[in-house]
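Asker: Dumping the structure here so I can ask a few things about it.
The values are calculated or read from the model by the stated rules, or taken from the named source; none is laboratory data. Small disclaimer: the values here were computed from a predicted structure and weren't measured. When we count neighbours, we look across all protein chains shown, and the Cβ atoms used for this are built from the backbone with ideal geometry, even at glycine.
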């Protein structure tokens, strides 16, 4: 073998060795030091149930609440668990059209994947909540999640007190992903001014 061919052979071996070392170093970094994929794996394995806090109450100078809370329920769906249910009976029970049922399932998958719970119907009326609770055993993949909802005991000062509404995508981005789709946020008045104090911190049940 000529000196030229020997030199070229050494260069090729050196290149392969360098590539191997780079790949090995990257694997070690991902497996041992990197947190990104560890957190993704954890999120895929553990599905935490959000425990929404009660929004802060505002009192007047006499100690009477001018903003209060009442507990209502969202109907949640986990698409991967919706199997062998009587769709027609469910739609009749919850006053949902079959086309809307399919559309809501698709939207839940797009927004939050098949294996994560999403809001199917938000803020059920007490009547709808009672109907579902009586028949929940029939409908796999659906469950109720409590959510504190704002009430306004006084009929005056609406412009000052403000109101809350569902967060928009831009508000989610501006909050550094603190809020999720379906969360509520102060839109104006005192509700918006003191949002960081009134909102509380959501907990998780795993």
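So that you can scan it fast, the table gives a plain yes or no per residue for (1) over 20 Å from the mean Cα position of the chain (by Cα); (2) loosely packed, with under 13 Cβ neighbours inside 10 Å; (3) at pLDDT 75 or above:
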residue: 7; (1), (2), (3): yes, yes, no
residue: 22; (1), (2), (3): yes, yes, yes
residue: 39; (1), (2), (3): no, yes, no
residue: 68; (1), (2), (3): yes, no, yes
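Asker: One residue is enough: does segment 164-176 have a residue meeting the conditions touching a residue at least 12 places away in the same chain (Cβ under 8 Å), assigned to a loop (DSSP other than H, G, I, E, B) and closer than 25 Å to residue 57 by Cα?
Answerer: Yes, the conditions are met somewhere in segment 164-176.
Asker: Let me ask another. Criterion first (over 13 Å from the mean Cα position of the chain (by Cα), at pLDDT 90 or above and not in a helix (DSSP H, G or I)) does residue 140 satisfy it?
Answerer: yes
Asker: Which residue, of 150, 180, 116, is surrounded by 16 or more Cβ atoms within 10 Å (Cβ to Cβ) and within 14 Å of the chain's Cα centre (by Cα)?
Answerer: Exactly one residue qualifies, and that residue is 116.
Asker: Could you check, for segment 101-108, whether at least one of its residues is in a loop (DSSP other than H, G, I, E, B), surrounded by 15 or more Cβ atoms within 10 Å (Cβ to Cβ) and in the same structural domain as residue 190 (by TED's automatic domain parsing)?
Answerer: no
Asker: Looking for something assigned to a helix (DSSP H, G or I), crowded, with 16+ Cβ neighbours inside 10 Å, out of contact with any helix residue (DSSP H, G or I) (no Cβ under 7 Å at 6 or more places or on another chain) and touching a residue at least 12 places away in the same chain (Cβ under 8 Å) - is there at least one such residue anywhere in segment 155-162?
Answerer: Within segment 155-162, not a single residue is assigned to a helix (DSSP H, G or I), crowded, with 16+ Cβ neighbours inside 10 Å, out of contact with any helix residue (DSSP H, G or I) (no Cβ under 7 Å at 6 or more places or on another chain) and touching a residue at least 12 places away in the same chain (Cβ under 8 Å).
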